[in-house]
Structures are given as C-alpha cells and as structure tokens.
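Please read the structure below before turning to the comments.
The numbers here are math on the coordinates, done by the rules we state, and not lab data. In this text, all values refer to a predicted model and were calculated from it rather than measured experimentally. Cβ placement follows ideal geometry from the backbone for every residue including glycine, while neighbour counts extend to all protein chains displayed.
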C-alpha cells in the first residue's frame, strides 16, 4: 500500500511569536521569526522528527510540506540540510501567502498538499508532536486493517484531555466500536461528556478525498474561519464516511513559549 504524507506548515504561529517578543529574559530572542515547525526540539527541528518517523515506514513514498511564501527561504534551507539518502522524496509547496491575514486556511492547505491522484494520505500539523507511545508503523498498520474492511475508512488520533483544556481543542465522541460519532470544535466541558482531544494527525483513504474537495467548494464563499481548522473538515467527513479513532497518551504543546521550553528540554534530556 502506497501512502503519501503531508505536513501542514503554512501557519504563522502568532501566539508563540508574541510570547517570544514579550520575553524579558531575551534568552529565546534568536527564535523570533522562526516558523514553529522549524523550532529546535532537542537536537532537531520539530518537523525533522516527523521526517525521521516517515522514512522508516516503507509504505510512505513521498512527503509534501505545505508552507507559505514568507518562510519559504527558511524551509528551502532546511530541505537542503536533510541527509541525501532519504528513502522518501520531500517536496515543498507554498500557499502563496506572506502574512497571517492572507493565509488560505488549514483545510485549503490539506487540499493543496494532496497528490493529484489523491491516494491514501497522512496529514499532520507541522507544530504537532506526540508522546513516546506513538509509533507511526502501528498506526499505519491499523489503517491498513481498516482498509481491508472498507475502502472509505479513515483514521484519526485521539488523546485524553483535562477538563480545564476541553475548550482549547477539537473534541471527538467515539462509540464502542471505535467509530467517531461526533466532532466538536473547542466546546465547553458542559457540552460533551467526552474528554478525548483529536490532534491534527489523520490518515485519509483515497476514496474520502472527494469529500475534502466538496468541503472546499461548499465553504468557498464563507469567511476563512469556516475552513481555518482541520477539525472542521473532520466534522464534515464523519457525516459522509466512516472515521475511526486510534488512542495515544498525549501530545506536546509548542503553541506558547513556556510549553515550548518544556518540550524542548524534555527532548534534550531524552537524547542525553
């Protein structure tokens, strides 16, 4: 089974950028202007941790990184620094934006990154990192099992979330068979009994990409807020095709300076 991988890296990381500029210590001022996927996490840029995971899965043949024009030179420099013997092709595609106000929205970036043949595709946010129990090969194996049952089946991740953080994340409600029944974008804790967040890591079947195109067309005339979070598409997809959940223990947050520092320090300790 051939699988493409798409890393969504066209965002502008406004909250972290604000934290960096307001940090009076100046210790991390050298990171101002650095896109989140290129932030050092341990001894590697965040995005390189994904590259290292992708290249050891034989089914993954191509990696597409969707970027913006503002950060394009930084990503070109990063690509040129990758080892030459990678088993996958790494391709950069820009959404053409140069500032946050021009952004195309994360769902539009999903479509931009999809191969023209729209085969099975992994989509992952460029600022997402998962805890140590996450093994990409195991997730791909689970997707392959689902494909043997029905070609429309897709797979998303879920992880526990504290009640105080429910309103900060996309939340999924899952039935006893592991099928995603509902997706709620940043609900209040009182609006759902679920305490499962849905990180931006999805494996979409080739047959489900028709619904991605339909969603883009249906939201074309609406404000960007209608397609700015990938979960909005997942909310649509579960009404059209089966989407199953795969449990992991958690994800790292690099959205703000303090949480970034904690993540970076943890990876440094693991590598020593």
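Filter the range 25-43 down to residues that are free of Cβ contacts under 8 Å to residues at least 12 places away in the same chain, over 17 Å from residue 262 (Cβ atoms) and not in a loop (DSSP other than H, G, I, E, B), then give me how many there are.
2
Could you tell me whether any residue of the range 131-141 is part of a helix (DSSP H, G or I), touching a strand residue (DSSP E or B) at 6+ places or on another chain (Cβ under 8 Å), farther than 22 Å from residue 209 by Cβ and in contact (Cβ under 8 Å) with a residue 60 or more places away in the chain?
no
Of all residues in the range 249-261, which are buried (at least 19 other Cβ atoms within 10 Å of the Cβ) and touching a helix residue (DSSP H, G or I) at 6+ places or on another chain (Cβ under 9 Å)?
Within the range 249-261, 252, 254, 257, 260 meet the criteria.
Which number in (1) touching a residue at least 24 places away in the same chain (Cβ under 8 Å); (2) closer than 15 Å to residue 63 by Cβ; (3) outside any loop (DSSP other than H, G, I, E, B) marks the one condition that residue 87 misses?
With (1) touching a residue at least 24 places away in the same chain (Cβ under 8 Å); (2) closer than 15 Å to residue 63 by Cβ; (3) outside any loop (DSSP other than H, G, I, E, B) applied to residue 87, the lone miss is (3).
Which of the residues belonging to the range 179-220 are surrounded by fewer than 19 Cβ atoms within 10 Å (Cβ to Cβ), assigned to a loop (DSSP other than H, G, I, E, B) and out of contact with any helix residue (DSSP H, G or I) (no Cβ under 9 Å at 6 or more places or on another chain)?
If the condition is that a residue be surrounded by fewer than 19 Cβ atoms within 10 Å (Cβ to Cβ), assigned to a loop (DSSP other than H, G, I, E, B) and out of contact with any helix residue (DSSP H, G or I) (no Cβ under 9 Å at 6 or more places or on another chain), then 193, 220 are the ones that fit.
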